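Beneath this line is the structure, given in structure tokens, with notes to follow.
The values are calculated or read from the model by the stated rules, or taken from the named source; none is laboratory data. On a predicted model such as this, the values are computed, not experimentally measured, just so you know. Cβ sites come from the backbone with ideal geometry, for glycine too, and all protein chains shown count toward neighbours.
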Amino acid sequence: MAPTAAGEREELVRLCSSKNWSKAIRVLDSLLARSSSIQDLCNRAFCYSRLELHKHVIKDCDKALQLDPGRIQAYILKGNALSALGRKEEALLVWQQGYENAVQQSADLKQLLELEELLSNAKQSQPVTCEEQVADSPIADSSIAKENQSVVSEEHVIDSSAAVESSPGLGSEHIIDSSKVNTHEDSEILRKSDDDIEISSGPNEIIQVGPITILPKILASSKTKSKSISLDFRLSRGIAQVNEGKYDAAISIFNQILRENPTSPEALIGRGTAYAFQRELELAIADFTKAIKSNPSAGEAWKRRGQARAALGESVQAIEDLTKALEFEPNSSDILHERGIVCFKFKDYNSAVEDLSKCVFRERTNKSAYTYLGLALSAIGDYSQAEQAHLKSIELDQNFLDGWIHLTQFYQDLANVEKALECLQKVLLVDARFAKAYHLRGLLYHGMGQHRSAIKDLTMGLSIESSNLECLYLRASCYHAIGEYGDAIKDYDSVLNLELDSMDKFVLQCLAFYQKEMALYTASKVNSEFCWFDIDRDVDPIFKEYWCKRLHPKYVCERVFRQPPLKESLKKGRLKKQDHAVTKQKASLLRAADLIGQKIQYNCPGFLPNKRQYRMAGLAAIEIAQKVAKTWRSLRNMNKNGKKGWRRERNSTPSQNRGGSGCSTSSPSETSTLYGFNDERPPSGRYMFWHDIYAIAVKWRQISEPCDPVVWVNKLSEEFNSGFGSHTPMLLGQAKVVRYYPNYQRTMDIAKSIMAENKSVFNSEDKVIDLSEDEKLRKITQASSCYDLHSIIGENFWVATTCESTAFEGKQLEGTRITVQQMDKRGFDFAIRTPCTPSRWEEFDAEMAIGWETLCNFHCGEAFGSNDMDMLENTKDAILRMSYYWYNFMPLSRGTAVVGYTVLLGLFLAANMEVTTNIPDSVQVDWEAILSFTPDAFMNSIKPWLYPSLRFTTAWKDYPDVTVTLSTTGTIVAALSSYDS
């Protein structure tokens with residue numbers, strides 16, 4: 001039979017008389033669970049004060065004061081708790097407020113005088129302990145003796161962290177997945193709780209009950225009193241040991257208690273927490289589970305088990321436990337904080353925002369909650385509110401390193417370089433040896449193309465954390481890019497030799513294998529002419545496929561010839577001094593390239609300005625202009641003489657790798673042709689076809705950032721036969737991809753229009769799903785989200801855009817696929833994907849060939865040499881038309897966008913037209929093409945800002961010849977790196 005309220009109050013009096021505070025708290029928990037009482041809240045606060053669980057005291061006093069702002073006892077208890085925590089100024093304010101209320105209400109004179117004394121002592125800086133008010137407590141009489149208890153440290157608490165990496169550089173996607181800045185997710189989620197281990201075993205709800213009446217004398221055996229005092233004292237000692245970091249000592253104390261009382265929830269929670277700090281998470285979870293079985297109302301056990309499960313990556317179970325803990329304490333900002341962080345790590349950003357918003361509403365000084373709220377808001381695309389949350393976290397504490405780091409990451413993801421660097425400077429002022437700051441700044445410099453600056457910061461970071469895999473890999477890639485191949489390979493080897501603790505780090509280790517091979521390949525080409533640097537013909541297709549897909553290299557090692565050893569490769573692969581020498585011709589060429597190359601910048605969130613990529617694009621555009629101009633002059637002369645310009649036949653130029661590392665296992669004759677590229681060059685070498693033009697830009701893109709696997713898709717082993725698809729997400733789960741989400745609504749509208757027109761979609765197995773029912777079509781037109789569309793279809797699906805053909809009248813080519821895929825229950829992958837199958841490749845090869853021939857015919861006719869912009873109208877349109885098919889073709893593993901715009905700049909320059917404007921804000925030229933069903937629609941979107949900026953010029957003809965001035969691979973690497981000293 002359940003105990004009556006009267007019986008519980010008798011039990012409470014007995015327990016308090018015997019100083020068995022833990023069990024007294026349980027009785028008060030039970031009373032408060034049934035009805036609310038301000039006095040019972042104060043009683044429980046007093047019991048907590050006897051165990052020196054000061055933060056629990058403050059919580060109960062706050063609840064009591066919410067119900068009755070005039071409750072003087074709550075002011076006394078709260079002030080004493082704050083004072084015991086060392087928060088003297090806050091204690092003084094609380095007592096002052098209580099005193100003012102007491103005077104106004106003509107309160108109990110005894111308590112008024114007590115407050116007056118407390119204020120007087122505080123103002124004289126005399127410390128006050130909770131012992132001073134014991135005699136006047138409503139649940140203790142003056143005869144109760146004071147026992148010695150260990151003071152619980154408020155400093156050592158459970159910590160949490162998670163991780164994220166954003167990959168820099170043009171053309172890479174940034175997906176926010178982080179909580180604390182680390183380049184990859186960490187399993188550690190145990191976090192600093194606002195409370196220490198302060199063990200309670202029941203709900204802390206505000207429920208009204210009547211006051212306790214204490215009998216003046218309690219009959220209890222001295223043996224029972226002594227035993228209960230001893231238990232509380234040992235529990236307090238164990239808690240203190242945990243909070244002081246003495247985990248083994250704490251476990252020993254709790255073990256002794258548990259031998260006497262195997263089901264003691266307090267001891268089980270204490271020992272479980274000690275285990276958690278020692279990373280013995282399975283043991284911790286076992287103890288918390290036993291505590292819950294012993295007392296299902298032990299909210300602390302639910303919370304701690306949730307923390308431990310989160311640390312093991314068991315996010316679903318962790319959220320369930322923390323949700324249960326909230327049932328006992330629904331207004332707990334601490335538990336909301338915990339669950340918000342776990343939801344964030346679980347990528348349930350909407351729930352994280354909800355929990356963390358409630359947390360900071362209740363606890364406006366929780367800097368950790370504010371910074372995680374900023375991360376969650378940023379993930380769902382609410383950048384303004386995210387910034388405010390991050391700023392609030394550091395406003396609360398200017399030395400809050402995690403807050404500064406998260407704000408840095410926020411600005412870096414948005415490509416706000418100035419603010420990101422300012423934040424990192426603040427971090428280093430707080431802690432000059434904070435390794436993560438050097439890694440982040442190195443990452444930022446790398447993304448801006450300043451590789452030497454990145455190396456300096458990464459080296460500093462490694463001097464602090466020598467085995468930091470992310471720093472090692474990034475520094476290796478920077479050395480690789482600037483031609484310091486020996487240092488690069490040394491760092492790649494260090495990455496390969498490290499022991500790993502996460503799958504993300506394993507991916508980096510796999511990449512280090514491929515990058516090392518590519519560094520050795522490039523080193524072997526350093527002193528050769530740049531034309532012999534040919535990844536697409538020299539490197540084995542299987543190697544390239546596994547490199548692009550970031551797969552384990554075991555199969556590659558078994559099937560592909562490896563590059564020669566380091567010494568053999570670098571013997572002839574060092575950059576020569578003359579490679580770095582800046583001649584007058586070279587200097588003028590580089591100045592011109594930098595000005596031209598700046599035009600490739602997308603002025604959209606997420607796209608960092610990258611000097612190295614600017615120079616790459618500028619040099620590529622000038623080389624294209626120079627070579628295309630020669631072709632046009634030759635064609636013009638041949639047309640005047642009535643000769644045929646060219647025949648489209650297969651090229652048979654042999655590979656020049658000569659058995660180097662990573663080379664193809666096939667014979668040269670088998671790898672000498674590019675599928676679908678048919679050309680035959682006359683001996684003069686002055687004729688080019690569409691592939692030759694784009695191949696120039698591709699090679700420059702490959703050498704400028706060697707860590708990006710940029711290759712022609714049709715050269716990726718047998719995978720090409722089944723279709724190698726690119727994937728560009730706008731939405732990943734609940735995360736809005738900062739670069740591409742601006743295209744979400746337009747893409748959604750296009751998908752719905754295709755569904756309505758075709759009355760069908762394709763499922764993940766490429767089978768047709770019929771949508772001809774009127775009701776389904778009506779729902780599709782009304783759908784506003786991926787969830788709506790997926791609910792209508794009932795499974796994952798895709799639809800394809802179309803491209804109007806120029807080569808074949810009336811034909812519609814498949815453009816890109818708009819895909820909707822459910823990701824668990826947290827959201828959807830909404831993306832564009834472009835499969836490159838042989839049949840599709842042939843179709844777009846034909847479009848590109850017709851586009852190039854049309855451009856040549858227009859420009860080599862009456863418009864040749866004209867400075868009349870009206871006469872050049874057909875030339876301009878032909879350049880845009882060819883660009884439209886290139887973007888929809890998407891023939892590269894990555895880099896299609898920057899290569900396409902680089903060629904566009906080069907072709908306009910060859911036609912004596914210079915693009916003088918930057919790409920307008922929020923415009924992404926490749927997306928304009930991908931989301932246009934006809935070349936005319938694409939042209940109409942680009943012409944209004946591009947054509948007015950075109951200026952007739954022949955100044956480019958005075959530029960030094962790129963292939964002569966920068967003849968070898970080594971001189972090109974040096975030129976791309978020379979601005980970054």
Top-ranked residue of the stretch 946-981 - restricted to ones that are of a type in the set (Val, Ile, Thr) and not in a helix (DSSP H, G or I), ranked as surrounded by the most Cβ atoms within 10 Å (Cβ to Cβ): Thr968
If I ask for residues that are touching a Phe, Trp or Tyr at 6+ places or on another chain (Cβ under 8 Å) and not aliphatic (A, V, I, L, M), which ones from the stretch 458-472 would you list? Gly461, Cys471
Qualifying residues in the stretch 598-613 (those that are within 13 Å of Ser977 (Cβ to Cβ) and not polar (S, T, N, Q)) - the one surrounded by the fewest Cβ atoms within 10 Å (Cβ to Cβ): Lys611
Quick one: would you say Ile780 is among the aliphatic types (A, V, I, L, M), surrounded by 18 or more Cβ atoms within 10 Å (Cβ to Cβ) and in the same structural domain as Ala929 (by TED's automatic domain parsing)? no
Spot the failing condition for Glu862; the list is (1) surrounded by fewer than 19 Cβ atoms within 10 Å (Cβ to Cβ); (2) at pLDDT 95 or above, and only one is missed. (2)
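Would you mind stating whether Ser494 is in contact with a helix residue (DSSP H, G or I) (Cβ under 7 Å, 6 or more places away or on another chain), assigned to a helix (DSSP H, G or I) and farther than 26 Å from Ile696 by Cβ?
On the way: in contact with a helix residue (DSSP H, G or I) (Cβ under 7 Å, 6 or more places away or on another chain): yes; assigned to a helix (DSSP H, G or I): yes; farther than 26 Å from Ile696 by Cβ: yes.
It is true that Ser494 is in contact with a helix residue (DSSP H, G or I) (Cβ under 7 Å, 6 or more places away or on another chain), assigned to a helix (DSSP H, G or I) and farther than 26 Å from Ile696 by Cβ.
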Phe908, sole failed condition from (1) in contact with a Lys or Arg (Cβ under 9 Å, 6 or more places away or on another chain); (2) of a type in the set (Phe, Trp, Tyr); (3) surrounded by fewer than 17 Cβ atoms within 10 Å (Cβ to Cβ): (3)
Please give the number of the condition Ser477 fails out of (1) within 25 Å of Gly449 (Cβ to Cβ); (2) surrounded by fewer than 22 Cβ atoms within 10 Å (Cβ to Cβ); (3) among the polar types (S, T, N, Q). (2)
Mind listing just one residue for me: the one in the stretch 288-302 that is of a type in the set (S, T, N, Q) and in a helix (DSSP H, G or I) and, of those, nearest to the chain's Cα centre (by Cα)? Thr289
Unique match (being within 18 Å of the chain's Cα centre (by Cα) and modelled with pLDDT of 95 or more) among Leu444, Leu429, Leu458, Leu462: Leu444
Within the stretch 73-92, identify whether any single residue is closer than 20 Å to Ser37 by Cβ and touching a residue at least 60 places away in the same chain (Cβ under 8 Å), and answer yes or no. yes
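Residues Asn610, Asn603: which one is under 23 Å from Ser477 (Cα atoms), of a type outside the set (A, V, I, L, M, F, W, C) and touching a residue at least 60 places away in the same chain (Cβ under 8 Å)? Give the derivation first.
Values: Asn603 fails: under 23 Å from Ser477 (Cα atoms).
When all the criteria are applied, what remains is Asn610.
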Within the stretch 460-475, can you find the residues that are more than 12 Å from Gly442 (Cβ to Cβ) and assigned to a helix (DSSP H, G or I)? Ser463, Ile464, Leu469
Can you report the number of residues in the stretch 5-55 which are of a type outside the set (A, V, I, L, M) and within 19 Å of Arg71 (Cα to Cα)? 14
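Just checking: which of the helices (runs of 4 or more DSSP H) contained wholly in the stretch 32-137 hold 1 or more residues that are at pLDDT 85 or above, surrounded by 16 or more Cβ atoms within 10 Å (Cβ to Cβ) and assigned by TED's automatic domain parsing to the domain that holds Leu12?
The helices (runs of 4 or more DSSP H) meeting that bar are 38-50, 54-67, 72-84, 88-105.
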Got at least one residue in the stretch 881-903 being outside any loop (DSSP other than H, G, I, E, B), more than 24 Å from Met730 (Cα to Cα), free of Cβ contacts under 8 Å to residues at least 60 places away in the same chain and in contact with a helix residue (DSSP H, G or I) (Cβ under 6 Å, 6 or more places away or on another chain)? no
Tally up the residues in the stretch 303-318 that are surrounded by fewer than 22 Cβ atoms within 10 Å (Cβ to Cβ) and either in a helix (DSSP H, G or I) or in contact with a helix residue (DSSP H, G or I) (Cβ under 6 Å, 6 or more places away or on another chain) (or both), please. 4
